[in-house]
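The values are calculated or read from the model by the stated rules, or taken from the named source; none is laboratory data. As the structure is a computational prediction, the values presented were derived from the model and not from experiment. Every residue, glycine among them, receives a Cβ derived from its backbone with ideal geometry; neighbour counts consider all protein chains shown. Note: areas computed on protein heavy atoms with side chains; ligands, DNA, RNA excluded. Shrake-Rupley method; radii C 1.70, N 1.55, O 1.52, S 1.80 Å.
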Amino acid sequence: MPKIQKICCVGAGYVGGPTMSVIAQKNPHIQITVVDLNEARIKAWNDKDLTKLPIYEPGLDAVVAEARGRNLFFDTDVDKAIDEADMIFISVNTPTKTYGKGKGMAADLKYIELCARQIARVAKTNKIVVEKSTLPVRTAQAIKRILDQTGNGVEFEILSNPEFLAEGTAIQDLMNPDRVLIGGDQTEKGQKAIQELVDIYGAWVPRERILTTNVWSSELSKLTANAFLAQRVSSINAISELCEVSGADVNEVSRAIGTDSRVGSKFLKASVGFGGSCFQKDILNLVYIAKTYGLDAVADYWEQVIIMNDHQKRRFAEKIVTTLFNTVNDKKIAFLGWAFKKDTNDTRESAAIYVANDLIEEEANIHVYDPKVTEQQMLSDLDYLNTRNSEANQNHLTVHQDPYITLKDAHGIAVLTEWDEFKTYDWQRIYDNMQKPAFVFDGRNILDRKELEKIGFEVYTIGKGE
Ligand code: NAD
Ligand code: UDX
């Protein structure tokens, strides 16, 4: 196969968009077309006003500004882009199944299969197909079977190239990755395909950071990486509860264990619980895979990470209720943050959704300020839980553009996302305008507790006793 000249990426989401933007920026000689069925999303990717890009990521606008229209294109014509490409990245969503066998656990691969069938139908020349989506181990086998049914002599090589970027730092992670992982067949053709992709990343990633493996190791490494990261958060969150009753301080414990080079300091921040589109989905998928192989002990081990995370979210909501004299009925509870972490507008599986839901069950009125999340998104997140009808959710959720109005007259403030701006607010002004006693529940350990207490607040911090 000649050197790659044209790439198509199916799926213009949080992974496809930023990843292809960086590959295009670093490989100006390769023409990259990112396609999606979602017309509104593609329109937003093409918007001249870079503040209207469909996803918020620091630094993304500059990369798009440089490459878009030069060798980076966003389009809805999926067939055309597939037809012209030498290499096709599949970067579609793989959510947890909501129906049938494996409901609530297995990855829903319907978008992957649709994509594979579309490639099989359209392709007239040999292609390298790259799994960029996170997939269960051995999915490449299914994709290959679908592609090989064409009978028109077109040859496909399947590579696994999972993405390790984290939202909020996607551009930084893509520019300077710890490693790039490429899995492929051990055959001569497989190795050639791997080399094509190595060359693309090699435009900016040092060769020693590009790891090559067999396809199954690559697929399984992605699920494993997320499971390990999430497990660290659940581990420190479990310890946070113990800290609260024992007088230990979870920040001090984190620092103490994190300085052991065998443990390392990252991903040891206690919180209201992890969110995001990946951790829960990928662990559930891992648990499901282990179960299907009959490995119940393995499945139970990893499932505990999710059970602990659910517990952490629930106990935060319960803490708010018990502290507010066992009732939040008709009380104003102000949320700072709705996104699942700072520097993103993504809310998938955000702890804020679950905490809000629990408090609305207790008849609280939730008022929210988040610098990047829209009201429509927050309401749709609550509706998705199906706990009550949309009208009831609307009656209990008010979204503001101004943090000070959000916090005015509140009985309690809950910090759900660690946006930097929350630290710089005029907390004296906030205190003066609140109901007394003025309670703050810091679900992210970002506020200066001593300063707030000096002002007069009663502060609950995750992982710190009274
Ligand atoms: P996303 O929902 O933001 O984007 C997926 C896009 O694919 C959507 O815009 C959807 O319209 C499009 N799509 C679905 N089927 C299609 C089809 N047949 N043809 C054309 N377009 C189609 O999802 P995402 O967050 O970008 O995640 C994509 C994959 O990457 C998932 O498997 C996820 O697990 C994985 N991943 C995500 C992250 C992350 O931080 N979000 C990080 C690493 C890996
Ligand atoms: C994660 C993985 O980090 C990334 O490698 C993978 O490609 C996609 O999934 P992401 O979900 O975007 O990335 O963000 P991440 O930084 O991992 O945070 C996930 C959640 O864990 C967030 O809600 C975050 O607030 C929480 N978290 C993270 C903690 O509560 N404590 C920590 O110490 C770290």
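Some points to look at:
- Taking every C-alpha pair closer than 8 Å and separated by at least 6 residues, the mean separation divided by the residue count of the chain gives a relative contact order of 12 percent.
- Per-residue HN-Hα couplings for the range 29-38 [Karplus 6.51, -1.76, 1.60; θ = phi - 60°; Hz; x = Gly/Pro]: 7, 9, 8, 10, 10, 9, 10, 8, 6, 7
- The trypsin sites (Lys or Arg not before Pro) found in the range 245-325 that occupy coil by DSSP, while having at most 12 further C-beta atoms within 10 Å, are ARG262, LYS266.
- Note on the range 235-461: the alpha carbon radius of gyration divided by the globular reference 2.2 N^0.38 Å gives 1.04.
- The H on the amide N of PHE74, modeled in the peptide plane, is under 5 Å from the matching H of VAL34, each at least 5 residues off or on a different chain.
- Rounded tilt (10° steps) of 375-385 against the dominant C-alpha axis of the chain: 90
- For the range 6-205, the carbon plus sulfur part of the accessible surface works out to 49%, probe radius 1.4 Å.
- Expressed to the nearest 5 percent, the antiparallel share of DSSP beta bridges inside the range 6-205 is 10 percent.
- Surface composition of the range 235-461: carbon and sulfur atoms hold 49% of the protein heavy-atom accessible area at a 1.4 Å probe.
- Derived scalar couplings ³J(HN,Hα) [the range 417-423; Karplus, 6.51 cos²θ - 1.76 cosθ + 1.60; whole Hz; x for Gly, Pro]: 10, 8, 3, 4, 4, 4, 6
- Between 0 and 90°, nearest 10: helix 110-122 axis offset from the chain longest Cα axis: 20
- The dipole here belongs to the chain: it is taken about the Cα centre, uses +1 on the Cβ of Lys and Arg and -1 on the Cβ of Asp and Glu, and is about 980 debye.
- Relative to its Kirkwood radius, the Cα radius of gyration of the range 6-205 gives an Rg/Rh of 0.95.
- Rounded to the nearest 500, the helix-only mean residue ellipticity at 222 nm of the chain stands at -13500 deg cm²/dmol, with each DSSP H run of n ≥ 4 adding -39,500 (n - 2.57).
- Qualifying trypsin sites (Lys or Arg not before Pro) in the range 112-146, DSSP loop, other Cβ atoms within 10 Å at most 14: LYS124, ARG138
- Once backbone amide H atoms are built at 1.01 Å from N, ASN445 has ILE462 as its partners under 5 Å, excluding neighbours fewer than 5 places away on the same chain.
- Coil-residue GluC sites (Glu not before Pro) of the range 341-371, DSSP, other Cβ within 10 Å capped at 12: GLU363
- Residues with amide H under 5 Å from that of VAL368, placed H, sequence gap 5 or more: PHE335, THR398, VAL399, HIS400
- Accessible surface, per residue, of the chain when the full set of protein chains is kept, probe 1.4 Å, Å²: 45
- With viscosity 1.002 mPa s and temperature 20 °C, the Kirkwood radius over alpha carbon pairs of the range 170-276 converts through Stokes-Einstein to a diffusion coefficient of 130 µm²/s.
- Charge dipole of the chain about the Cα centre (unit charges at C-beta), most positive-ward option of ALA364, LEU397, LEU268: LEU268
- With the largest listed first and rounded to whole Å, the semi-axes of the equivalent ellipsoid of the chain from the Cα gyration tensor are 42, 24, 21.
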